[in-house]
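Written below as structure tokens is the structure these notes are about.
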Amino acid sequence: MIKRKLDIIVIGGGAAGLAAAIAAKESGVNSVLVLERNPELGGILPQCIHTGFGLHYFKENLTGPEYISRFISRVHDLEIEYKVETMVLELSPRREVWAVNQHDGLLNLKADAIVLAMGCRERSRGALCIPGMRPAGIFTAGTAQRLMDIEGFLPGRKVLILGSGDVGLIMARRFAMEGAEVMGVVEVAPYPGGLDRNLQCLRDFGIPLYLRHAATFIHGSDRVEAVTISRLDESGKPIAGEEKTIECDTLILSVGLIPENELSKGAGIQLDPNTGGPVVDENMETSIEGVFACGNVVHVHDLVDHVTQSGEAAGKNAAKKVLGELPPLERRIHLRPEGNIRYVVPQIISGERPLTLFSRVKKPASNAKIIVGEKISIHKRIVKPPELVTIKLTSELLKKLNPEKKELTVTMEE
Amino acid sequence: MDRETREVICILCPVGCRITVEIEDGEISKIENAGCKRGRDYAEQEIKSPVRDFFTTVRVKDGKIPVVSVRSTAPIPKRMLMRCASELARIVVPAPVRIGDVIVKNIMNLGVDIVATKSVEKA
């Protein structure tokens with residue numbers, strides 16, 4: 001068994017983890033180690049071959065592989081140590097990491113700061129309880145994307161897509177471009193789950209979008225042969241007699257992403273039931289001192305640019321912690337989402353420094369006011385569940401806060 | 001007179017205006033419901049000559065992975081997407097491939113190149 005002591009360990013080598021490692025190293029911390037379970041760095045981005053990445057961060061329209069290659073190059077330039085094909089088994093509350101790989105065997109690592117950057121994973125068929133047979137030909141969108149764009153296989157020729165999240169819409173276009181027949185995209189909600197700009201993927205190829213529909217039966221013995229979809233009533237129950245059976249050989253699931261927090265739970269880190277990720281303060285520090293978190297493990301972002309920024313913040317603050325330059329927050333004000341606000345990140349602020357909150361709403365709304373505490377009101381022309389809502393708290397606005405309050409609600413007025 | 005109304009969903013910002021464009025005898029006669037000037041311009045372009053970013057994969061011989069991701073250096077006319085995809089389906093490039101390598105110069109005479117968006121090492 002190898003035993004080592006490091007300044008900072010970053011768990012996960014995707015967009016968030018690499019940004020954190022780079023920021024930490026640039027802040028003057030010597031030993032930074034990135035642990036990644038895949039054979040290559042980059043997380044999900046090497047398989048996201050479409051454009052639209054980096055518009056905010058680089059002011060350029062990049063593909064996923066191009067975006068992440070800039071960070072991977074920086075990791076090499078800064079000589080940041082990383083281990084791929086390395087699985088972290090356990091994180092202890094005393095910042096001890098147990099990991100394993102084929103080359104080193106078992107690793108027992110300890111660090112002054114840990115950055116959690118494990119990202120998220122896809123919800124699968126099991127989580128949806130779709131009735132029917134259990135044939136081959138059912139893939140999550142990310143698996144299909146990996147098969148097509150890294151491994152070079154076309155996973156199906158006649159495809160139905162369940163879920164209109166961004167990955168689903170992008171895969172609809174990708175299948176169509178590769179000459180597969182895309183039979184439609186099925187969405188339970190009355191509005192699309194992805195960003196509006198991605199609806200173009202369907203329009204360009206004449207792919208039908210079935211809103212307020214659910215998959216109610218999967219047919220086929222060896223391979224998927226058809227999928228029955230049903231129209232849903234207002235309460236979300238299938239309406240009898242409103243079924244439609246669509247012939248297809250493949251069903252793609254794009255039905256949500258879940259922050260991957262088994263390690264966080266194991267360490268006893270407090271999680272937010274609204275995000276599925278750790279509760280973090282404005283320094284991106286979790287409930288365990290010296291353990292920071294960033295990117296999709298905290299909450300599912302829609303733009304990688306924001307993931308990178310969150311990684312940089314966590315990396316910088318982890319470095320400050322190691323260098324003894326991160327004093328505890330002057331005050332800890334808990335933010336509590338209410339009404340149409342599903343969640344707010346960070347969940348704990350000091351109220352002393354300007355910052356941007358990230359929030360997601362439950363339902364679309366227009367001409368809405370986001371109310372923080374009682375006195376701060378921020379106007380939003382339009383808010384939608386698929387789009388993160390940013391709430392900029394300037395020093396001017398923060399002056400309105402009652403310094404005695406330990407908890408503030410974040411809510412919305414229409 | 002030939003009259004037609006088409007809807008364009010603007011993709012420039014999160015508001016996602018649903019812009020209606022009226023076309024008379026092949027000419028745009030009215031653009032409505034655009035929230036800003038950029039949206040109007042986008043709608044006009046979408047009707048007159050829509051363009052799209054183009055990206056796909058190209059097969060690689062003797063590479064660590066069997067395909068390399070590629071993109072066009074600039075958007076291409078929407079109607080050319082499938083033709084460019086078919087053109088690239090016929091190509092096999094030898095490993096190694098470097099990010100930024102030109103895979104096809106001036107594809108289908110559109111004045112744009114197809115470049116690799118990642119590096120693929122030799123197996």
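The values are calculated or read from the model by the stated rules, or taken from the named source; none is laboratory data. Note that the coordinates shown come from a computational prediction; the quantities given were computed from them, not determined experimentally. Virtual Cβ from ideal backbone geometry, glycine too; neighbours counted across all protein chains shown.
Data overview
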{"item": "Residue satisfying all of: in the stretch B:64-79; of a type outside the set (A, V, I, L, M), outside any loop (DSSP other than H, G, I, E, B) and within 8 Å of chain A (Cβ to nearest Cβ); farthest from A:Pro39 (Cα to Cα) among these", "result": "B:Lys78"}
{"item": "Matching option when the condition is in contact (Cβ under 8 Å) with a residue 60 or more places away in the chain, crowded, with 16+ Cβ neighbours inside 10 Å and within 13 Å of chain A (Cβ to nearest Cβ), among B:Val51, B:Val60", "result": "B:Val60"}
{"item": "Qualifying residues in the stretch A:198-222 (those that are touching an Asp or Glu at 6+ places or on another chain (Cβ under 6 Å) and away from chain B (no Cβ under 12 Å)) - the one nearest to A:Gly165 (Cα to Cα)", "result": "A:Leu211"}
{"item": "Contacts under 6 angstrom Cβ, first residue in the stretch A:43-58 being more than 11 Å from every other protein chain (Cβ to nearest Cβ), partner aliphatic (A, V, I, L, M) and crowded, with 21+ Cβ neighbours inside 10 Å, 6 or more apart", "result": "A:Gly43/A:Ala15; A:Gly54/A:Leu62"}
{"item": "Inter-residue pairs, beta-carbon under 8 Å, first in the same structural domain as A:Ile11 (by TED's automatic domain parsing) and in the stretch A:65-80, second surrounded by fewer than 20 Cβ atoms within 10 Å (Cβ to Cβ) and among the acidic types (Asp, Glu), 6+ apart", "result": "A:Leu78/A:Glu26"}
{"item": "Criterion violated by B:Gly16 - all others in (1) free of Cβ contacts under 8 Å to residues at least 12 places away in the same chain; (2) in a helix (DSSP H, G or I); (3) surrounded by 13 or more Cβ atoms within 10 Å (Cβ to Cβ) satisfied", "result": "(2)"}
{"item": "Complete set of residues in the stretch B:19-33 that are assigned to a loop (DSSP other than H, G, I, E, B) and modelled with pLDDT of 90 or more", "result": "B:Asn33"}
{"item": "Answer from B:Arg83, B:Arg40, B:Arg79, B:Arg52 - the residue that is touching a strand residue (DSSP E or B) at 6+ places or on another chain (Cβ under 6 Å) and among the charged types (D, E, K, R)", "result": "B:Arg40"}
{"item": "Condition met for A:Gly119 (touching a Phe, Trp or Tyr at 6+ places or on another chain (Cβ under 6 Å), under 30 Å from A:Gly163 (Cα atoms) and surrounded by 20 or more Cβ atoms within 10 Å (Cβ to Cβ))", "result": "no"}
{"item": "Residues satisfying the stated conditions in the stretch B:19-40, i.e. loosely packed, with under 13 Cβ neighbours inside 10 Å and under 20 Å from the mean Cα position of the chain (by Cα)", "result": "B:Arg38"}
{"item": "Residue within the stretch A:36-53 that is outside the structural domain of A:Asp166 (by TED's automatic domain parsing), over 22 Å from A:Val88 (Cα atoms) and of a type in the set (Ser, Thr, Tyr) present", "result": "yes"}
{"item": "Given (1) surrounded by 11 or more Cβ atoms within 10 Å (Cβ to Cβ); (2) farther than 16 Å from B:Cys13 by Cβ; (3) in contact (Cβ under 8 Å) with a residue 24 or more places away in the chain, index of the condition A:Lys363 fails", "result": "(3)"}
{"item": "Residue among A:Ala214, A:Ala240 that alone is in a strand (DSSP E or B), on the phi < 0 side of the Ramachandran plot and surrounded by fewer than 17 Cβ atoms within 10 Å (Cβ to Cβ)", "result": "A:Ala240"}
{"item": "Selected residue (only one of A:Gly137, A:Gly142 is of a type outside the set (Val, Ile, Thr) and either in the same structural domain as A:Asn30 (by TED's automatic domain parsing) or over 21 Å from the mean Cα position of the chain (by Cα) (or both))", "result": "A:Gly137"}
{"item": "Top-ranked residue in the stretch A:134-148 [being out of contact with any strand residue (DSSP E or B) (no Cβ under 6 Å at 6 or more places or on another chain) and aliphatic (A, V, I, L, M); ranked as surrounded by the most Cβ atoms within 10 Å (Cβ to Cβ)]", "result": "A:Met148"}
{"item": "Of the criteria (1) in contact with a helix residue (DSSP H, G or I) (Cβ under 9 Å, 6 or more places away or on another chain); (2) loosely packed, with under 14 Cβ neighbours inside 10 Å, which one A:Lys399 fails", "result": "(1)"}
{"item": "Residue that is surrounded by the fewest Cβ atoms within 10 Å (Cβ to Cβ) [pool: residues in the stretch B:1-13 that are in a loop (DSSP other than H, G, I, E, B) and among the aliphatic types (A, V, I, L, M)]", "result": "B:Met1"}
{"item": "Test: A:Lys392 is closer than 28 Å to A:Gly256 by Cα, loosely packed, with under 13 Cβ neighbours inside 10 Å, away from chain B (no Cβ under 14 Å) and within 27 Å of the chain's Cα centre (by Cα)", "result": "yes"}
{"item": "Test: B:Ala43 is surrounded by 14 or more Cβ atoms within 10 Å (Cβ to Cβ), assigned to a helix (DSSP H, G or I) and more than 10 Å from every other protein chain (Cβ to nearest Cβ)", "result": "yes"}
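Here's the yes/no breakdown for (1) of a type in the set (S, T, N, Q); (2) within 30 Å of A:Ser254 (Cα to Cα); (3) free of Cβ contacts under 8 Å to residues at least 24 places away in the same chain; (4) in contact with a His (Cβ under 9 Å, 6 or more places away or on another chain):
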| position | (1), (2), (3), (4) |
| --- | --- |
| A:Leu329 | no, no, no, no |
| A:His334 | no, no, no, no |
| A:Val345 | no, yes, no, yes |
| A:Gly351 | no, no, no, no |
| A:Ile378 | no, no, yes, no |
| A:Val389 | no, yes, no, no |
| A:Ser395 | yes, no, no, no |
